[in-house]
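Heads up, the thing below is written out as structure tokens.
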Amino acid sequence: MASPKNDVTNLCLAQTDKDYLKQLVKTSITSYFEGQHALDENAVPKPENPLLAQELGAFVTLTKNGELRGCIGNVVGQGALYLTIARMARAAAFEDPRFPQVSQTEFSELSIEISIMGPLTICPDTALIEIGKHGLIMQCGARSGLLLPQVAKDWCWDRQTFLEQTCIKAGLQPHMWKHPDTKIYWFEAYVF
């Protein structure tokens, strides 16, 4: 069985689209520093490319000196992609419970990565998971955890380690990916 049908595998964004989205992340965060604590979605500049108005999920990841500084996203789309990215930028900077809020002085030191999410489906066979291509969600009972496709690649994990680490992210024991009550979802993402 092949990889899940994915709306993002054929997504082709020009550099101008990527630049627009990265600038959108910066503008969304800096407007917070300027006192606009509620994001005015009507003031967000609309993209020229209609692909950016599709209803797709997205994650915004902020790093500082190669270390995670904030990462928040929606797995599935909730409105136009560009607005989701603007909201997730603020959430990554100011709402990630693992980190203190990003300060205005450190903001210029942060790197931005955007992941546009493809559809989420049940993984039919863990042997089909490809490192760097698939992201995972592990769910058992009320616990769930997500790791983006690039995480396993960045950490040089093999498939089993990726499955175990996704369990740990969900607050489960590493071996729980083998448990019959555990659901394993997979997805792909367009990352830049």
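Name the single residue, out of those in region 97-114 being over 17 Å from Lys26 (Cβ atoms) and under 18 Å from the mean Cα position of the chain (by Cα), that is surrounded by the fewest Cβ atoms within 10 Å (Cβ to Cβ).
Pro97
If you check Lys183 against the conditions, is it under 30 Å from Tyr20 (Cα atoms) and open to solvent by 60 Å² or more (accessible area, probe 1.4 Å)? Steps first, answer last, please.
On the way: under 30 Å from Tyr20 (Cα atoms): no; open to solvent by 60 Å² or more (accessible area, probe 1.4 Å): yes.
It is false that Lys183 is under 30 Å from Tyr20 (Cα atoms) and open to solvent by 60 Å² or more (accessible area, probe 1.4 Å).
Of everything in region 134-164, what is open to solvent by 60 Å² or more (accessible area, probe 1.4 Å) and of a type outside the set (Asp, Glu)? Give them in sequence order. Show your work before the answer.
Quick first cut of region 134-164, residues open to solvent by 60 Å² or more (accessible area, probe 1.4 Å) only: 139, 141-144, 153-156, 158-160.
Scanning region 134-164 gives Gln139, Gly141, Ala142, Arg143, Ser144, Lys153, Trp155, Cys156, Arg159, Gln160.
Can you name every residue in region 115-152 that is of a type in the set (D, E, K, R) and more than 15 Å from the chain's Cα centre (by Cα)? Write out each step before concluding.
Of all residues in region 115-152, those of a type in the set (D, E, K, R) come to 125, 130, 133, 143.
Passing the criteria: Asp125, Glu130, Arg143.
Look through region 29-43, keep the residues that are of a type in the set (D, E, K, R) and under 14 Å from Ala89 (Cα atoms), and return whichever of them is surrounded by the fewest Cβ atoms within 10 Å (Cβ to Cβ). Before the answer, list the steps.
Our first condition is that a residue be of a type in the set (D, E, K, R); within region 29-43, this holds for 34, 40-41.
Then drop every residue that is not under 14 Å from Ala89 (Cα atoms), which leaves 40-41.
Working: Asp40: 9, Glu41: 12.
Within region 29-43, the match that is surrounded by the fewest Cβ atoms within 10 Å (Cβ to Cβ) is Asp40.
Those residues that are farther than 23 Å from Pro97 by Cβ and assigned to a loop (DSSP other than H, G, I, E, B), I need them from region 49-84; list them, please.
Hits for region 49-84 are Asn49, Gln54, Glu55, Leu56, Gly77, Gly79, Ala80.
Tally time: how many residues in region 157-171 are assigned to a helix (DSSP H, G or I), closer than 19 Å to Ser144 by Cβ and not β-branched (Val, Ile, Thr)?
6
For region 84-94, give me each residue that is crowded, with 20+ Cβ neighbours inside 10 Å and in contact with a helix residue (DSSP H, G or I) (Cβ under 9 Å, 6 or more places away or on another chain). Spell out how you get there, then give the answer.
At the first step, the residues of region 84-94 found to be crowded, with 20+ Cβ neighbours inside 10 Å are 84-90, 92-93.
Once the filter is applied, which keeps residues that are crowded, with 20+ Cβ neighbours inside 10 Å and in contact with a helix residue (DSSP H, G or I) (Cβ under 9 Å, 6 or more places away or on another chain), region 84-94 yields Ile85, Ala86, Arg87, Met88, Ala89, Arg90, Ala92, Ala93.
Check off (1) under 14 Å from Ala93 (Cα atoms); (2) part of a loop (DSSP other than H, G, I, E, B); (3) of a type outside the set (Phe, Trp, Tyr) for Lys46 and give me the number that stays unchecked.
(1)
The values are calculated or read from the model by the stated rules, or taken from the named source; none is laboratory data. The shown structure was predicted, so the numbers you read here are calculated from the model rather than taken from an experiment. Cβ: placed from backbone, ideal geometry, glycine included. Neighbour counts: every protein chain shown. Surface accessibility is based on the protein's heavy atoms, side chains included, excluding ligands, DNA and RNA. Shrake-Rupley method; radii C 1.70, N 1.55, O 1.52, S 1.80 Å.
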